[in-house]
Structures are given as C-alpha cells and as structure tokens.
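A short worksheet on the structure shown next.
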C-alpha cells in the first residue's frame, strides 16, 4: 500500500514543514473546543492576512479563495483547544504589533505596510519554530501562514488557476520536459 | 426463522469472497454471498469519486470530532475526510487490545477490495519452503508448482500490470503493460544494478490496475483516487471484476447487512449444514443452508466465526481441535521509512498521477546472505517532484513568494519497508466474552506483538534504506522507525493456517477445515507464513484453486 507511505515520505523528505500534516497523522487529546467563536470581522481580518501572504496577481489570490473563512473552519474543527487559543490570541497580537509599528490597526494600514509587518512576524515565527522544543506551543503566525497556503492551494481557484490541474490525466508519463515558469501540478 | 437453501454460501465479499462467488457461480452453483455491511453499488455509490479537496469543508483533513469518534482509525492515515464512510466505526465494533493492534476494517460489499493498496506479487518456493527450513511455524502443505497455474489464472482475469524481470525471488506473471518508472527512478534503478550487481533490484510496482484493454472495464486513468472507488473500474475490486462476472451467471444472490454469527455443524455427517445470520439492520435471525461454505470474512472475522461455531463439540470452536485456531496471527510490519533529496532533474517533470511506485524485492537471507535474524523484507517507494509545499528561501510572502510556490520544487525519493512477521503460536486472538459490540455479540481480544526477530529486522530495514539512498546519490537522507506495532500493514494473516497435519493446522492443503471438509477458508487466515510480499494476489489464487477443487469434490459426491 505504497501511496500512504508516500504521504509520509514527502513529509519526511521536505522536513515536515506543514503543521497541517499533524491533522493527518497525529494522535489527539480530547480537549473541549471553543466553537463558532470567530466574528465576521475576524474573517475579514484573516482574509487580509491571507491576501498579504498570497495576493492576487495575474492569478487569483487568497481572498478569491475565501481563505479567511476557511481558516476559521479549520481552527474550529481541526485544532486542539490549546492551539485554538494561540490562534485567537494571535489575532490580537498581530493587531497589537501593527499598532506598535505603525500606530494603526492592521485593517487600517496599507498593503505595503501589511507586507512589511507580516514579513517581520514571519521572521520572528521562523526563528521561534526553529529553536522551540516539540512540546512548546506553535507560533500563531506559523499557523496563519500554513492555513493560508494549505487553504489556498487546495481551493478551486488556487489549484486550478494558480497551479495546474487535470481531473482525468488518462495516462502517466514519468519524464516530460519542464521549463522555468511552468506551473506545478495541484495534485 | 426463514430458512433458505443454496448450493454454496460465501461469507464475505472482499477480495477472496468475490473470487469464491465468481468461481462457484461460473461452475453452475447457486450461491448466496453474505456481507455484514451495507451495499456499495459499482460507480453509483462511489459518492466521493469525482470530488476534489475543495469539495470538502476541511479539504480532506481530519477533525477533532472524527478523532474522538475513531480511536483506532485515528492512529494512521485511514482517518480522513475523503473516505470516512468506507471504514468501520470503531465504537460500533470494538475489540480488546491486550497488546496494541491496529485493526482497520471496511464492512461493506467489496470490503477492503475497494481500499486495498493493489500491489500484487507472487510467492514462490523461496518462501513456501522457509518454515520447514528454519523451523518456524509448520511447513506449507503446497509448493509453487501447485499454485503457479492459479496465479496465472487470477492475474489474467484481475489484470495485473508489471514488468518481467526474471528475478529468482519474485516470479514473473501474466502481466499487462507495466506502469513507468519516472526519470529519477529509472536512473536510480540503473545505479542499483551497477552497485549491487543484480543482488538488489528496483522495479516498477506490480499493481492490479489495467493498463491495456480489458473486458468490461476502462483503463486506469491515472487520477490517483483509487480508495474512493474507481468509476472507470481501473483497478481490481469485487465491484469492478468478480461481482459482475458472478452476477452474469444468474446464479448469485448478494445479501448485505448479514452478520454471520456461526456456522451450523452436524456432528453425525461431520459437515457444516449452513450458517446463522443476524440481520444488522433488523436484528432478526435467519438460517441459510448449503452443501459447501466458503469463509472469506477476513482473517480475524473468519477466526471469530469459527470460534463461535460448533462450540457444543469443541468449546473453542470449529477448527480448534488442533489448538491453532486464532493463533499465529501475522501482519507485515511497516513504519520504517527513509527519504532524501535528489539533486538535478530540474528540467524534468511528470504527467499524470501514478498510484504506484517502485518495488525493491527481498534480498536479505537470500543468495548466500546471512543475517542475525531470519526471513526478510521488501521496500516500496517513489521519487517525486514537490508541488506547492516546498521551501522558498528568497521570499517569505507576497507576490514573488506566491509565484515561487506555484512552480514545482525539487525532487526527493523515499521508501518504506514491508517486513515479514513470523508465525508465533502466542501471537493470537481469543474471544472476549465480557464485552459486546453494537449487536450484542462477543468481541475479539488481541494479544500479539513484534518479537526479537522482527525488531532485529527493523534495524536492517532502516539502515539498508538509508545506505541504499546514499549509495544512489540522494542527499540529506534521513529515516525513522515509528510505531512498531502489528495491524498497520493491514495484511492480517494466519489465524486458521493450512498444514499437512490436522494436529498442528486448521486447514488442509485445499483450504478445507480438517474437522468440516465442506468448509473452505480462503482469506488471509490460511497463510502458513507471511512472506514479505503484499498477500492479496495469493488469496485470489488459493481461492480459485479451492473453489475448483470444491466443485470437483462435490461432483464426486465427496462433500
């Protein structure tokens, strides 16, 4: 049953970069969940975070794929309680970081400022994730970024327009030419 | 109590049950196939077969609610959003674990033939003779020359794609055209040949996908959605292959929701007379009568049915007179993996999604090699080029970052071992009469583990994988051994082994229960040793052979 092995191997080979992989393979704790605790404003906020990470270019961006909404569904349904709390606190922390840096809330700063702020947060999160112990909590921005990537590239606009997708390939060829700029297969 | 009579009853509708139904009906017998779960109709009931990640609320991922409801399934990949309806709900069908055993079940028409990995390999005398040579378990009662024609027969019908390699330890078969190794794998296979001088080989996986015209089915479309049920019939399943053939005869009745609770046994004639069935929906009891019974309920459930049958004569059940029923439980031990980066090939990519990979057949303890353990293992794996999930060093977010992710990343290669488990008498299942399932039936208790031989083997599985990947030029090679438990291979075998002697085996060489010759057990429970190859093809071959024998014996008046 090689296909399922493959899933794991890819994770192995790429250093297991995705927190999402834990949804697939980890065990669980039966912690109580905070349900439906995101507001419409939270979704708009998360849409802007996601759009900053994966903006609309000549292909759709995160907002086109409703990634903000997707993030809330994933956090509500798939995250353990302790990670839900980190994520919720993260919304506040991110906004505070914006106020500190630009004296204005995240929703009010412009696209350039958002990019600058999130680039800093990304650097901070990467440094933290690299040195933390496995039992230490994840950084909220790591969660947001990973959910953005997963949510977008497995969405219809992400998979079919930003990436390449063919429902029924009909054949397999193990060696076809590739030139820089050709898109990756969605699946 | 309704009472109906058939020529034959087939218990179970998975890979071996489907074959039993096909063979018996094609030989003119009136057959009823009893399946404990729901019906799944080919194509129509593959409800997720055309869905993509975005069609699911969580894009395929598991939720905390699923984790709570599936305490066993959550242990590995089967718990996910895309085919949850194909797996047994743990809470309905509990079992006791004296030692951990991961039991992943599919209770529905087709059974795990809809979910299997489709890798299909023959076993020859290098494996059949091994018990006798090293003294573990009992000797297989047959040799390759007796089963070879049946491998030919089932391969031709099922449709097995593969390459002829002429390997001593992995006989070639009646193959459809092989799938293709990709550009990296081809080069790696060539390097393996040079480095190991033919003692270790990397070949394309032999898989039950049709890669050329095949009657009444459409060729594999390389969608890689096999475990949702294939609307093209691209891979072998009961639904795509054996069931339509059996239905075509007009001799088959299929009854879903039928939990067989016992085989009815007549001590005067020393034969089974039929089965008792509990309707899983109505909880009503029915009796079906027949001349012969094929027991194909899957290794552990077949043992459970036998343990619950003829207990007035044998307290531990039909087939227990040898003391081996429920014992010698085997699986293939998995979860040893290694992987690494392959540099270059940036001007190469693939087209299509190949639900297959490479196979490295066993080489340990063969060809003069001698280890500090017996038997051996094979590897399955693949090379692939990463999609959007790859590191981008230059950018952290924004348009450039997005552009970089929309291009493929680098190549990597990985593989995992499939190790043989020895037939240990004390690796067993027994009845736990203190607990009941949803239907008030007693449940199984598992007491089985990997032992010293397997644990030593796992060290080789890991070290060899890393060594080979480094030898063929992979970089940053890492590996790991996780979860050394039984069950995860989903290759349960051995609880009603065949043998030469009724004192040490449950079945004779034609899969007949020694104590009831009109009961044939042809699922994985008959396996006398596990070898290290994926076993389903062997179940098919033994089932076809046993069905042929059963009908001959029936005609002779011997059953």
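Some observations on this one:
- The residues on offer are B:303, B:338, and the sole one that is in contact (Cβ under 8 Å) with a residue 24 or more places away in the chain, surrounded by 23 or more Cβ atoms within 10 Å (Cβ to Cβ) and more than 14 Å from chain A (Cβ to nearest Cβ) is B:303.
- Residues of region B:68-105 that are within 13 Å of chain A (Cβ to nearest Cβ), touching a residue at least 40 places away in the same chain (Cβ under 8 Å) and assigned to a loop (DSSP other than H, G, I, E, B): B:76, B:82, B:83, B:100, B:102, B:104.
- Per the listing B:331, B:279, B:316, the residue uniquely within 26 Å of residue B:30 (Cβ to Cβ) and either without any contact (Cβ under 8 Å) to a residue 24 or more places away in the chain or in contact with a strand residue (DSSP E or B) (Cβ under 8 Å, 6 or more places away or on another chain) (or both) is B:279.
- Test for residue B:358: is it out of contact with any helix residue (DSSP H, G or I) (no Cβ under 7 Å at 6 or more places or on another chain) and touching a residue at least 24 places away in the same chain (Cβ under 8 Å): no
- Residue within region A:164-184 that is touching a helix residue (DSSP H, G or I) at 6+ places or on another chain (Cβ under 7 Å), assigned to a helix (DSSP H, G or I), at negative phi and at the interface with another protein chain (Cβ under 7 Å from one of its Cβ atoms) present: no
- Options B:139, B:152, B:172: the member that is closer than 19 Å to residue B:367 by Cα and modelled with pLDDT of 95 or more: B:172
- Inside region B:370-388, residues that are out of contact with any strand residue (DSSP E or B) (no Cβ under 9 Å at 6 or more places or on another chain) and either without any contact (Cβ under 8 Å) to a residue 60 or more places away in the chain or facing chain A (nearest Cβ under 8 Å) (or both) make up a count of 2.
- Residue list for region B:398-429, filter: outside any helix (DSSP H, G or I) and more than 28 Å from residue B:373 (Cβ to Cβ): B:398, B:406, B:407, B:408, B:409, B:410, B:411, B:412
- Any hit, region B:389-409, residues being free of Cβ contacts under 8 Å to residues at least 40 places away in the same chain, at the interface with chain A (Cβ under 7 Å from one of its Cβ atoms) and in contact with a strand residue (DSSP E or B) (Cβ under 8 Å, 6 or more places away or on another chain): no
- Members of region B:201-214 found to be closer than 15 Å to residue B:175 by Cα and part of a loop (DSSP other than H, G, I, E, B), listed by number: B:205, B:206, B:208, B:210, B:211, B:212, B:213
- Restricting attention to region B:156-200, the residues being closer than 30 Å to residue B:346 by Cβ, touching a helix residue (DSSP H, G or I) at 6+ places or on another chain (Cβ under 9 Å) and surrounded by fewer than 19 Cβ atoms within 10 Å (Cβ to Cβ) number 3.
- All of B:486, B:444, B:469 fail the test of being surrounded by 20 or more Cβ atoms within 10 Å (Cβ to Cβ), in contact with a strand residue (DSSP E or B) (Cβ under 8 Å, 6 or more places away or on another chain) and closer than 28 Å to residue B:197 by Cβ, apart from B:469.
- The set of residues in region B:233-275 that are surrounded by fewer than 24 Cβ atoms within 10 Å (Cβ to Cβ) and in a loop (DSSP other than H, G, I, E, B) comprises B:233, B:249, B:250, B:251, B:256, B:257, B:267, B:268, B:269, B:270.
- Residue within region B:493-503 that is in a helix (DSSP H, G or I) and at pLDDT 95 or above present: no
- Subset of region B:212-232 (residues that are surrounded by fewer than 24 Cβ atoms within 10 Å (Cβ to Cβ), more than 14 Å from chain A (Cβ to nearest Cβ) and in contact (Cβ under 8 Å) with a residue 24 or more places away in the chain): B:214, B:216, B:217
- Any hit, region A:85-102, residues being surrounded by fewer than 14 Cβ atoms within 10 Å (Cβ to Cβ), within 9 Å of chain B (Cβ to nearest Cβ) and assigned to a helix (DSSP H, G or I): no
- Within region A:55-82, tally of residues that are assigned to a helix (DSSP H, G or I), more than 24 Å from residue B:399 (Cβ to Cβ) and at the interface with chain B (Cβ under 10 Å from one of its Cβ atoms): 6
- Just one of the listed residues (A:11, A:52) is at pLDDT below 95, facing chain B (nearest Cβ under 10 Å) and surrounded by 19 or more Cβ atoms within 10 Å (Cβ to Cβ), namely A:11.
- When A:125, A:159 are checked against the criterion of being over 20 Å from residue A:41 (Cα atoms), facing another protein chain (nearest Cβ under 8 Å), within 22 Å of the chain's Cα centre (by Cα) and outside any loop (DSSP other than H, G, I, E, B), a single residue qualifies: A:159.
The values are calculated or read from the model by the stated rules, or taken from the named source; none is laboratory data. Since we're looking at a predicted model, the values are computed, not measured. Here the Cβ is made from the backbone with ideal geometry for all residues, glycine too, and neighbour counts use every protein chain on show.
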